[in-house]
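Presented below is the structure to which this report refers.
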Amino acid sequence: MAAGQPARSGIDFSAFRDPKLARELIDRIHELVGNRSINLMEVCGTHTVSIGRYGFRSIMPTGLKLLSGPGCPVCVTANRDIDHAIALSNMDGAIITTFGDMMRVPGSSTSLAAQKAAGRDIRIVYSPLDALDIAEQNPERPVIFMGVGFETTTPTIAAAILEADARGLQNFSAYCAHKTTPPALRAISNDPETTIDGFILPGHVATITGLAPFGFLVDEFETPGVVTGFEPVDILQGICMLVQMIVDHRPAIDNAYRRGVNADGNPVARQLVEQVFEPRDTTWRGLGPIAGSGLVIRPEFSHFDASMRFDVPIEPTVEPRGCRCGDVLRGAITPSDCPLFGHACTPEHPVGPCMVSSEGSCAAYFRYRGC
């Protein structure tokens with residue numbers, strides 16, 4: 001598509017890439033920050049990639065630091081969950097289906113990619129509905145979908161489970177490692193080792209949740225948050241709005257992504273999730289156990305829950321030696337502070353998941369280093 005042409009959706013994205021407007025926002029951010037020290041955290045992995053691509057870290061004021069947060073679902077998946085999926089792949093006849101980013105994430109001693117190379121039947125799918133088709137084509141074999149993700153992808157897993165129920169697919173199940181975003185932000189806000197003055201809130205997640213679930217940031221911590229999109233002007237506008245609220249001591253939850261997010265989110269998608277899932281405690285890489293931050297399949301659909309259905313031996317969990325991915329995910333350090341970054345740990349030879357995932361902080365920092 002030629003530059004400046006409207007996108008097929010009818011939205012002219014050139015306005016969100018306007019160099020003049022971007023320059024004005026950058027100047028305003030510098031003016032507002034002055035000599036202050038301000039830490040902002042981008043929660044979404046796609047924001048991390050966009051910030052790296054556009055070189056925003058290098059053009060921010062000296063006192064303004066942009067920290068990556070726990071917005072990469074692959075990265076925050078605990079080693080125990082990866083080891084469990086690997087154990088499921090060892091079952092006779094099992095077919096494991098998953099998104100591509102999960103394949104190379106190292107577990108305690110191996111990965112799904114290594115399991116596939118060793119002869120296990122592990123297939124990349126682009127939708128959980130693809131896994132249903134595989135189950136239909138292989139009725140004598142257990143087909144397991146490894147589900148990871150936040151509020152954005154969970155509705156599709158819920159829809160797949162309801163569809164499997166409607167089709168009567170007895171050989172389909174899902175191993176669910178789904179997480180919800182707000183409890184992680186509460187944990188970070190309570191972390192004595194991190195100081196976050198404002199959150200760049202995830203646009204994709206907010207399309208489902210709306211704004212209300214983030215209100216506790218203001219009510220409990222007096223910390224502002226702004227939902228933003230992913231184009232240059234989107235991100236800069238969000239940063240500018242956050243800094244203005246910090247300077248004015250008037251924290252609020254605001255929306256700089258109105259073309260994609262409304263205040264109430266998507267009630268239909270939320271109802272779908274509530275029909276199939278219920279909250280549970282779960283463990284996040286780097287953040288540890290967080291109460292009520294995970295989702296588990298409800299008892300009435302438990303025959304689709306691979307963790308309940310199959311009793312498999314899981315190896316003892318071992319974290320990768322020297323990897324500080326967990327500290328990156330909670331904003332305690334930046335990727336370049338990890339001694340393995342760019343040396344023992346590279347995209348070709350990743351030690352931790354933050355270097356594996358396309359949305360991982362370490363992968364983004366490595367790809368756009370110097371920007």
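The values are calculated or read from the model by the stated rules, or taken from the named source; none is laboratory data. Keep in mind that what you see is a predicted model, and the values were worked out from it rather than measured. For neighbour counting, all protein chains shown are included, and Cβ atoms are generated from backbone atoms with ideal geometry for every residue, glycine included. Protein only, heavy atoms only, side chains kept; ligands, DNA and RNA dropped before computing areas. Shrake-Rupley method; radii C 1.70, N 1.55, O 1.52, S 1.80 Å.
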* the chain: DSSP helices with Cα axial extent of at least 18 Å and average Kyte-Doolittle hydropathy no lower than 0.5 -> 154-167, 232-248
* Asked: Once fully extended, how much extra length lies between residue 39 and residue 108, figured as 0.36 nm per residue of separation less the alpha-carbon to alpha-carbon distance?
  -> 21.5 nm
* Asked: Classify the stretch 133-278: rounded, prolate or oblate, from the alpha-carbon gyration tensor (a ≥ b ≥ c, eigenvalue square roots; a/c under 1.5 rounded; otherwise prolate if a/b is larger than b/c)?
  -> prolate
* What list of ³J(HN,Hα) values in whole Hz, one per residue of the stretch 318-326 in order, does the Karplus curve 6.51 cos²θ - 1.76 cosθ + 1.60 (θ = phi - 60°) give from phi, with Gly and Pro shown as x? -> 10, 7, x, 5, x, 6, 10, 3, x
* Asked: Among rounded, prolate and oblate, which fits the stretch 247-371 when a ≥ b ≥ c are the square roots of the eigenvalues of its C-alpha gyration tensor, a/c under 1.5 means rounded, and a/b larger than b/c means prolate?
  -> oblate
* Asked: Over the Cα atoms of the stretch 112-199, Rg to Rh with Kirkwood Rh, two decimal places?
  -> 1.14
* Asked: Can you give the calculated 222 nm mean residue ellipticity of the chain, where each DSSP H run of n ≥ 4 adds -39,500 (n - 2.57) and the sum is split over every residue, rounded to the nearest 500 deg cm²/dmol?
  -> -10500 deg cm²/dmol
* Nearby lysines by direct alpha-carbon distance to residue 65 (threshold 28 angstrom, same-chain neighbours under 8 apart not counted) -> 20, 179
* Packing rank of 141-147, 333-339, where each peptide gets the mean count of other beta carbons within 10 Å, highest leading -> 141-147, 333-339
* Asked: Rounded, prolate or oblate: which fits the stretch 86-156, taking a ≥ b ≥ c as square roots of the Cα gyration tensor eigenvalues, rounded meaning a/c under 1.5, else prolate when a/b beats b/c?
  -> oblate
* **Solvent-accessible heavy-atom area per residue, rounded to whole Å², over the chain at 1.4 Å** => 43
* Structure fact -> For 319-325, 309-315, 287-293, 79-85, ranked highest to lowest by mean beta-carbon neighbours within 10 Å, the order is 79-85, 319-325, 287-293, 309-315
